[in-house]
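Below: one structure, written as structure tokens.
Nothing in this text is a laboratory measurement; each read-out follows from the coordinates by a stated rule. Every value quoted in this text rests on a predicted model; they were computed, and no experiment measured them. Every residue, glycine as well, gets a Cβ built from its backbone with ideal geometry; the counts of neighbours run over all protein chains shown.
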Amino acid sequence: MQLTKDLTAIVTGGASGLGGATAEALAARGVKVAIFDLNEQAGAAHAAKIGGRFYTCDVSSEASIDTAFAAARRDLGPERILVNCAGIGTSKRITKRNKETGAFEPHDLASFARTIQINLVGTFLMISRAAAGMQALSPITDDGERGVIINTASVAATDGQIGQVAYAASKGGVLGMTLPIARDLAQSGIRVCTIMPGLFNTPMVASLPDDAKRSLAASVPFPARLGAPAEYASLACHICENSMLNGESIRLDGAIRMAPR
């Protein structure tokens with residue numbers, strides 16, 4: 001698929017971080033970009049900066065997703081590209097000792113379910129809506145391609161650390177559904193891939209103390225630094241352009257394999 005001004009892309013979590021860089025990279029290639037995010041101020045500002053459009057969207061809500069899709073399609077036309085970057089990080093062990101009683105208490109369901117709902121179910125809901133829309137479109141390449149869907153998992157999907165039970169489960173789910181969805185949509189000419197970032201300089205990491213950031217960077221074999229969101233965006237654009245990439249989950253991690261903690 002050639003990235004041109006005739007295409008529309010939806011990027012969730014597109015107000016900042018990996019999604020923000022991807023929205024910017026696609027817009028720089030002429031693509032019409034719809035940013036779906038809950039952060040209205042940052043989302044509107046970033047959309048204005050790149051010449052895109054912002055739509056408030058909670059990816060854990062079917063109603064919110066459907067409203068955002070309808071508005072984006074009305075304003076920019078049907079999407080040919082979906083990049084799922086919206087997500088949250090959580091850190092809790094499967095049990096925790098109560099300091100007063102000494103008893104071990106189980107991981108609460110609410111935070112686990114919320115992480116799954118946003119990271120995994122949200123990705124699923126976005127894919128299902130985009131796929132249904134793309135299937136109704138005419139092919140745009142000689143191969144019969146109609147669209148591309150790119151998801152964001154994490155190296156935690158396979159290298160989950162202590163305290164990452166909910167996060168790793170959510171990202172493992174994204175990893176696990178990539179191939180079957182690609183197979184489901186193959187006859188419609190819609191490709192599906194997933195990127196598994198390692199340690200990247202996102203807003204979540206940027207808030208850490210400098211010593212912590214240096215320690216994280218030093219743990220990456222090569223290059224021994226945090227990944228730049230633009231490097232994620234570069235891979236996302238390449239996936240769009242390389243029609244043989246389908247059903248694949250790609251580690252983008254500088255060869256890191258996460259330690260237990």
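The GNM of the chain, with springs linking C-alpha atoms under 10 angstrom apart, assigns the highest mean-square fluctuation among 174, 220, 33 to 220. Dividing the radius of gyration of the alpha carbons in the range 160-228 by their Kirkwood radius gives 1.11 for Rg/Rh. Span-like helix check, the chain: qualifying full DSSP H segments, with Cα axial length of 24 Å or more and mean Kyte-Doolittle of -0.5 or more, are 165-185. The alpha-carbon positions of the range 125-205 define a convex hull whose volume is 115 Å³ per residue. Shown for 29, 93, 146: other C-beta atoms within 10 Å of each C-beta, ranked fewest to most, produce the order 93, 29, 146.
Of all beta bridges that DSSP places with both ends in the range 8-251, some 10 percent have antiparallel geometry.
Here the chain is treated with +1 on each Lys and Arg Cβ and -1 on each Asp and Glu Cβ, and its dipole about the Cα centre works out to around 460 debye.
For 100, 24, 241, which order do you get if you count the other beta carbons within 10 Å of each Cβ and list the fewest first?
With the sparsest Cβ surroundings first, the list reads 100, 241, 24.
Under 19 Å from a label point set 7 Å out along the Cα-to-Cβ vector of residue 105, no amide N atom of the range 168-206 is found.
Taking N as the number of residues in the range 65-166, what is its alpha-carbon radius of gyration divided by 2.2 N^0.38 Å?
The range 65-166 yields a ratio of 1.51.
Work out the charge dipole of the chain with +1 on the Cβ of Lys and Arg and -1 on the Cβ of Asp and Glu about the Cα centre, then indicate which of 258, 19, 245 is farthest towards its positive end. With unit charges placed on the Cβ atoms, the residue in question is 258. Remark on the chain: hydrodynamic radius 18.8 angstrom, per the Kirkwood mean of 1/r across alpha carbon pairs. For the range 132-196 versus the range 27-62, the inter-centroid distance based on Cα atoms is 21 Å. Of the residues 159, 210, 108, the one with the fewest other Cβ atoms within 10 Å heads the list, and the complete ranking is 210, 108, 159. Ranked by the mean number of other Cβ atoms within 10 Å of their residues, highest first, the peptides 13-19, 249-255 fall in the order 13-19, 249-255.
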